[in-house]
Protein chains: 2
Amino acid sequence: MMTRSTRQRRAIRSVFERLNRPLGPQDVLQEVAQEVEGVGIATVYRTINTLYEEGVLVKVDLPGESSRYEVAGKAHHHHFRCQKCEQVFELTGCLNVKSLVPSGFQMTGHDIVIFGQCSACR
Amino acid sequence: MMTRSTRQRRAIRSVFERLNRPLGPQDVLQEVAQEVEGVGIATVYRTINTLYEEGVLVKVDLPGESSRYEVAGKAHHHHFRCQKCEQVFELTGCLNVKSLVPSGFQMTGHDIVIFGQCSACR
DNA sequence: ATAGGTGCAAACAGTTTGCATGTAT
DNA sequence: ATACATGCAAACTGTTTGCACCTAT
């Protein structure tokens, strides 16, 4: 299986690079629709999955929401979700959460999500 | 609108009290099916929603998963999810996450989730 | 020329809703 | 008796898949 460079695929990939924040399939469709017309949602899903399997994108799951994706290779980070515009932003920095792990339990990962209003929405 | 005490409702409510951990509709159905027979999944959903609106239950959303619920009134806490048995456990303690909030952003809440293996699954 | 990609519509899974029937009050 | 609750099946929503057609290689 080798990946071809199609109009749609280039457009989808460039959306992630240009916006540089976690995006869901609908976000991507909406952006892509402005560049390339008649792109189907199925293609967006398929392309995102391919890019994900290739390791170009990583998944960003926030509590209670469907998956978003962002370009891979960033340093470890967490996210802020604006409750008004619903956009997700990248946070820098992390915290040591080990102290919360009960004894006898083994930690393999963690997630921190902060909710609130972004600077544009306050 | 007043809430009646039916067999199904009593059973569903007691499952949350007995198991004392976040449960999804399917978890509840499976438990309830052992006490009361012929309970429909729709009733489970409706009852959970009613209990949620009444404030008896609170929602527990973990990244990438559908909503679970647990009995309300507990102290602020976070969760640990076992990647093997998929159960969710309550953690005690919290961390100060304010330092992660970008300037100009306003924080109204936060979430911390730890993944790994529970003591029974290691 | 041909293996992959695309669009459309159908299929799916999880959740919600309409409706006739059952039941707590 | 009557309003609320239940079970079933149909409707919905977000995601995936099958298939005939299209296109990068």
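The values are calculated or read from the model by the stated rules, or taken from the named source; none is laboratory data. Because the structure is a prediction, the values reported are computed rather than measured. Positions of Cβ are backbone-derived with ideal geometry, glycine not excepted, and every protein chain shown enters the neighbour counts. When the accessible area is computed, the model is the full protein with side chains, heavy atoms only, and any ligands, DNA or RNA have been set aside. Shrake-Rupley method; radii C 1.70, N 1.55, O 1.52, S 1.80 Å.
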Q.
Let me check I've understood the local charge: for B:GLN26, count other residues with C-beta under 12 angstrom from its C-beta, Lys and Arg +1, Asp and Glu -1. What total comes out?
A. -3
**Q.** Amide H contacts under 5 Å for B:TYR69, placed H, 5+ residues apart
**A.** B:LEU23, B:GLY24, B:VAL60
**Q.** Solvent-accessible area per residue for chain B (1.4 angstrom probe, square angstrom)
**A.** 56
(Q) Can you give the local net charge around A:LEU91? Use residues other than it whose beta-carbon is closer than 15 angstrom to its beta-carbon, Lys and Arg +1, Asp and Glu -1. (A) +1
Q.
What does the copy distance list look like for B:GLN34, label position 7 Å along Cα→Cβ, in nm and ordered from shortest?
A. 5.4
Q | Charge dipole (debye, nearest 20) of the range B:1-63; +1 at Cβ of Lys and Arg, -1 at Cβ of Asp and Glu | A | 180
Q. Rounded if a/c is under 1.5, else prolate if a/b is larger than b/c, else oblate: which is the range A:7-71, with a ≥ b ≥ c the root eigenvalues of its Cα gyration tensor?
A. prolate
**Q.** For B:ARG46, net neighbour charge (Lys/Arg +1, Asp/Glu -1) across residues whose Cβ lies under 12 Å away
**A.** 0
Q: Could you work out the relative contact order of chain A, using alpha carbon pairs under 8 angstrom and six or more residues apart, expressed as a whole percent?
A: 20
Q: Answer with one residue from B:GLY64, B:SER103, B:GLY116: the one whose Cα lies farthest towards the positive end of the charge dipole of chain B, charges on Cβ with Lys, Arg +1 and Asp, Glu -1.
A: B:GLY116
Q: Using a 10 Å cut-off on Cβ to Cβ distances, tally the other chain neighbours for every residue of A:99-109 and report the average as a whole number.
A: 6
Q: Would you tell me the accessible area of A:LEU29, worked out with a 1.4 angstrom probe on the heavy atoms of the protein chains, in Å² to the nearest 10?
A: 40
Q: Count, for each residue of B:116-122, the Cβ atoms from other chains sitting within 10 Å of its Cβ, then give me the mean as a whole number.
A: 4
(Q) With the label 7 angstrom out along Cα to Cβ, how close does B:LEU19 come to the same site in each of the other copies, in nm, nearest first? (A) 3.6
Q) With +1 on each Lys and Arg Cβ and -1 on each Asp and Glu Cβ, how big is the dipole of chain A about its Cα centre, in debye rounded to the nearest 20? A) 160
